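Structure first, then comments.
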Amino acid sequence: MKKRNQTNHPALAGDKIGDFLHALDAAATINEETRIAMLLVLLTACRKAEVIEARWDELDLKAAEWEIPAARMKANRPHLPLSRQAVKLLTRLREIVPVGREHLFPNRLDPRRPMVSPIQPVRPQHYIFHSICLL
């Protein structure tokens, strides 16, 4: 069996979250959908793929709950409670994602698929969106 060539990034330390949020706010080149995706990773403690592959039919914003299918989850917590902040972001996202899209973050070229992983540096701290990790 061929060994996978994978590089793991260190997790974002708790004392760096404020720096990350300031850098995210200051990053003019990141679109609103990507910004929301990054914030949802922080607010839900979900993996990047769980967030960007999420579908509108998995959410109940009135009940503030997200039901993630087991096939997309690594953790065993199918019903994820959503904070007020997460519900507010999702409500805003619903306003900017075209009606009829299945995914919260549809791919711009093929809206039937989720967005491509938004791996972008956020200056000046060079954060990378890989389950919110710091280089």
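Readers should treat all values here as calculations from the given coordinates under stated rules, not as data from a laboratory. Remember, it's a predicted structure, so these values are computed and weren't measured experimentally. All Cβ positions, even for glycine, are placed from backbone atoms using ideal geometry, and neighbour counts span all protein chains on display.
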field: Sparse-neighbour loop sites [trypsin sites (Lys or Arg not before Pro); segment 34-72; at most 14 other C-beta within 10 Å; DSSP]
entry: Lys62
- line: Within segment 50-112, DSSP-loop GluC sites (Glu not before Pro) with at most 14 other C-beta atoms within 10 Å are Glu102
query: How far apart, in nm, are the 7 Å Cα→Cβ label points at Ala64 and Asn31?
result: 3.0
field: Within segment 31-80: Cβ-based charge dipole about Cα centre, in debye rounded to nearest 20 (Lys, Arg +1; Asp, Glu -1)
entry: 260
Cross-link pairs Lys16/Lys74; Lys48/Lys88; Lys62/Lys88 - those with Cα-Cα distance over 22 Å: Lys16/Lys74
- prompt: Where Lys and Arg each count +1 and Asp and Glu each count -1, what net charge lies around Arg35 among other residues with Cβ under 12 Å from its Cβ?
  reply: -2
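Would you tally the net charge around Pro98, using a Cβ to Cβ cut-off of less than 13 Å, leaving Pro98 out, and scoring K and R as +1, D and E as -1?
With Lys, Arg at +1 and Asp, Glu at -1, the neighbours total +1.
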- line: Stretched fully, the stretch from Ala49 through Ala13 gains (0.36 nm per residue minus C-alpha distance, one decimal, in nm) 10.9 nm
